[in-house]
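Only one structure is covered here, and it is reproduced in the block below.
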Amino acid sequence: MSFPAEGRSRTDLLAELEKKKTHDVPWAEGRVFAYIYDAGPEAMRLVKEANALFLTENGLDPTSFPSVLEMERDVIAAAIDLMNGGPKAKGSMTSGGTESILLSVKTARDHARKNRPEIVAPELVLPETTHPAFFKACAYFDVKPVVVPVDPSTFRADPAAMDAAITPNTIMIVGSAPSYALGVIDPIRELGEIALRRGVLFHVDCCVGGMYLPFARKLGHDIPDYDLSVPGVTQLSLDFHKYGYAAKGASAILYKDGDLRKHQIFAWSGWIGYTIINPTVLSSKSGGPIAACWAILHHLGEKGYLDLVRKTQDASERLREGLRAIPGIDVLGDPRMNMLSFASRTVDIFALAEDMKERGWYIQPQFGFSSCPQNIHLSVGAGNAANVDAFLTDLREAVAQRSAREAPPAAPELPEPLLALFENPPPDLFDQLASMIGSDGSTMPTRMDVINNLMNAIPPSIRDRILIEFIHRLYTR
């Protein structure tokens with residue numbers, strides 16, 4: 001579009017926005033097993049109203065908007081209490097898990113610059129199941145990621161391998177509770193012992209688990225240790241906008257020793273303008289997500305979250321049992337909460353994902369990597385609970401139909417022309433690949449299984465180049 005020459009009415013614009021939404025996945029039906037965190041219409045209405053009420057207030061200046069500061073302090077205090085942080089813990093609200101992780105890695109780097117100045121090439125030791133946000137942080141802050149294989153059967157971090165990967169340049173190690181891809185909780189207590197003994201910081205990525213695991217444990221579920229009370233854990237990230245059901249844009253980074261937080265704060269008064277003091281990456285930030293988070297915590301309270309987790313955990317256990325009963329389907333690892341992934345020995349998993357999409361289900365296919373086969377990821381929310389039995393029925397039928405018409409999937413092999421391309425990738429690699437699959441490079445076909453199988457066979461370094469080029473074109477008119 002070109003810049004609008006004339007204004008339009010509120011009614012006209014809202015009608016057009018509603019029309020645009022018709023192209024999105026119909027999440028309100030409870031058939032989307034990713035992206036959406038829905039605690040019901042009453043909670044959703046409160047979150048939207050609280051968000052709108054503080055939409056204009058700016059967290060940039062806490063002296064001008066003390067209400068926003070007060071709410072953030074309340075939310076962080078509640079998070080510290082939930083994560084058993086103790087009296088010295090402090091933290092900050094951020095826009096999401098990625099920003100929380102960025103700040104944690106920057107803090108580790110700057111802490112090392114001050115306390116271990118002999119380190120000139122800092123390293124971050126992390127399991128191969130770690131969220132890509134840590135790799136983004138390493139790229140942003142010039143920290144070398146040292147990737148450690150996980151146990152090939154449980155997909156949990158291997159403490160001995162993590163210990164062996166630590167060098168004099170290591171500034172921090174990472175564990176997940178749980179890892180997003182498979183819903184598996186790393187052995188946080190064992191990793192904490194290593195961090196203490198080796199004298200390094202230890203971040204627990206609790207972005208998806210932070211507002212779920214405490215309540216699952218209170219309900220009697222077998223949840224391994226994971227929070228700030230574990231010796232050796234120095235910092236932890238958790239997202240309120242996932243299973244805290246807050247508005248998007250609400251996460252937290254917490255430090256057991258609050259003085260660590262000083263390394264993430266930026267201040268600049270050496271210019272002719274107003275003094276800049278930013279506790280997080282963002283400078284201007286709406287008070288809306290903070291207010292919405294504050295409101296939903298007070299609205300649901302512990303009882304409300306216990307009820308939601310009880311409902312979700314029961315549905316997740318029914319789903320796990322149902323998946324394990326389907327011939328040829330394998331649940332990966334030992335997921336303890338409401339996130340899991342499954343692979344198949346008998347059918348093409350990417351084709352199965354598309355078959356389910358045609359039946360009205362929206363799920364996440366994931367490429368294979370290292371010891372983990374290609375798989376389908378499911379994040380189960382309270383809104384999905386009523387549909388678990390229907391999902392299993394459709395999946396059982398889809399697996400049976402596909403098994404009847406295709407041989408068990410073989411290990412993917414790239415055609416010779418593609419192998420030649422990847423040995424010395426040309427500048428127009430993306431265009432050549434797009435041409436092979438009949439795409440213009442900026443739109444997606446109705447079914448994605450052919451593309452996903454091709455991408456799954458491509459080395460990750462080349463695959464990332466292709467994905468970057470695709471996104472570059474997708475966001476260009």
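Evaluated against (1) over 22 Å from Asp74 (Cβ atoms); (2) touching an Asp or Glu at 6+ places or on another chain (Cβ under 9 Å), Gly270 falls short on exactly one condition, (2).
In the list Gly258, Gly244, which residue meets the criterion of being surrounded by fewer than 17 Cβ atoms within 10 Å (Cβ to Cβ) and in the same structural domain as Val105 (by TED's automatic domain parsing)? Can you show your working first?
On the way: Gly244 fails: surrounded by fewer than 17 Cβ atoms within 10 Å (Cβ to Cβ).
Criteria check complete, one pass: Gly258.
Scoring Ala52 on the criteria (1) touching a Ser or Thr at 6+ places or on another chain (Cβ under 9 Å); (2) of a type in the set (A, V, I, L, M, F, W, C); (3) exposed (fewer than 14 other Cβ atoms within 10 Å of the Cβ) leaves a single failure, condition (1). Among the residues of the stretch 132-155, the ones that are hydrophobic (A, V, I, L, M, F, W, C) and closer than 17 Å to Pro187 by Cβ come to 3 in all.
Considering only the stretch 323-333, state which residues are in a helix (DSSP H, G or I) and surrounded by 18 or more Cβ atoms within 10 Å (Cβ to Cβ). It would help to see each step written out before you state the result.
Applying the first criterion (in a helix (DSSP H, G or I)) to the stretch 323-333 yields 323-324.
Leu323 - this is the single residue of the stretch 323-333 that is in a helix (DSSP H, G or I) and surrounded by 18 or more Cβ atoms within 10 Å (Cβ to Cβ).
Taking the numbered list (1) over 25 Å from the mean Cα position of the chain (by Cα); (2) within 25 Å of Phe266 (Cα to Cα) in turn, Glu49 passes all entries but (2). For the condition out of contact with any Asp or Glu (no Cβ under 9 Å at 6 or more places or on another chain) and among the hydroxyl-bearing types (Ser, Thr, Tyr), what is the one hit in Ser341, Ser286? The unique qualifying residue is Ser341.
Arg447 meets each of the listed conditions (1) at pLDDT 85 or above; (2) in a helix (DSSP H, G or I); (3) not small (Gly, Ala, Ser) apart from (2).
Quick check on Glu302: is it in a helix (DSSP H, G or I), under 20 Å from Asn453 (Cβ atoms) and outside the structural domain of Leu103 (by TED's automatic domain parsing)? Before the answer, list the steps.
Values: in a helix (DSSP H, G or I): yes; under 20 Å from Asn453 (Cβ atoms): no; outside the structural domain of Leu103 (by TED's automatic domain parsing): yes.
The answer is no for Glu302.
The strands (runs of 3 or more DSSP E) located wholly in the stretch 118-227 that include 2 or more residues which are in contact (Cβ under 8 Å) with a residue 60 or more places away in the chain and assigned by TED's automatic domain parsing to the domain that holds Gly85 occupy 170-176, 201-205. Each residue in the stretch 334-360 was checked for being within 22 Å of the chain's Cα centre (by Cα) and not in a helix (DSSP H, G or I), and 10 pass.
Out of all the residues in the stretch 266-287, is one or more under 22 Å from the mean Cα position of the chain (by Cα), at pLDDT 95 or above and of a type in the set (Phe, Trp, Tyr)? No - not one qualifying residue is present in the stretch 266-287.
Within the stretch 392-412, the residues that satisfy the criterion of being surrounded by fewer than 16 Cβ atoms within 10 Å (Cβ to Cβ) and either over 32 Å from the mean Cα position of the chain (by Cα) or modelled with pLDDT of 70 or more (or both) are Thr393, Glu397, Ala400, Gln401, Ala404, Arg405, Glu406, Ala407.
Among the residues of the stretch 324-345, what is the count of those that are polar (S, T, N, Q) and touching a Leu at 6+ places or on another chain (Cβ under 7 Å)? Give the derivation first.
Just the residues of the stretch 324-345 that are polar (S, T, N, Q), to begin with: 338, 341, 344.
Next, from what is left, pick out any that are touching a Leu at 6+ places or on another chain (Cβ under 7 Å): 341, 344.
Residues flagged as polar (S, T, N, Q) and touching a Leu at 6+ places or on another chain (Cβ under 7 Å) within the stretch 324-345 amount to 2.
Mind counting the residues in the stretch 228-249 that are part of a loop (DSSP other than H, G, I, E, B) and either within 17 Å of the chain's Cα centre (by Cα) or more than 30 Å from Ala112 (Cα to Cα) (or both)?
Residues of the stretch 228-249 part of a loop (DSSP other than H, G, I, E, B): 228-234, 240-249.
Narrowing further to those that are either within 17 Å of the chain's Cα centre (by Cα) or more than 30 Å from Ala112 (Cα to Cα) (or both): 240-249.
Total satisfying the criteria: 10.
Here is a check on your reading of the model: is Glu317 free of Cβ contacts under 8 Å to residues at least 40 places away in the same chain, within 18 Å of Gly209 (Cβ to Cβ) and outside any loop (DSSP other than H, G, I, E, B)?
It is true that Glu317 is free of Cβ contacts under 8 Å to residues at least 40 places away in the same chain, within 18 Å of Gly209 (Cβ to Cβ) and outside any loop (DSSP other than H, G, I, E, B).
Out of the residues in the stretch 227-241 that are of a type outside the set (S, T, N, Q) and within 25 Å of His298 (Cβ to Cβ), which is surrounded by the most Cβ atoms within 10 Å (Cβ to Cβ)? The qualifying residue surrounded by the most Cβ atoms within 10 Å (Cβ to Cβ) is Leu236. Of all the listed residues (Asp74, Asp151, Asp142, Asp163), the sole one being surrounded by fewer than 19 Cβ atoms within 10 Å (Cβ to Cβ) and within 19 Å of Ile290 (Cα to Cα) is Asp74.
The values are calculated or read from the model by the stated rules, or taken from the named source; none is laboratory data. Nothing here was measured: the structure is a model prediction, and the numbers come from that model. Don't worry about glycine lacking a Cβ; one is built from the backbone with ideal geometry, like all the others, and counts go over all protein chains shown.
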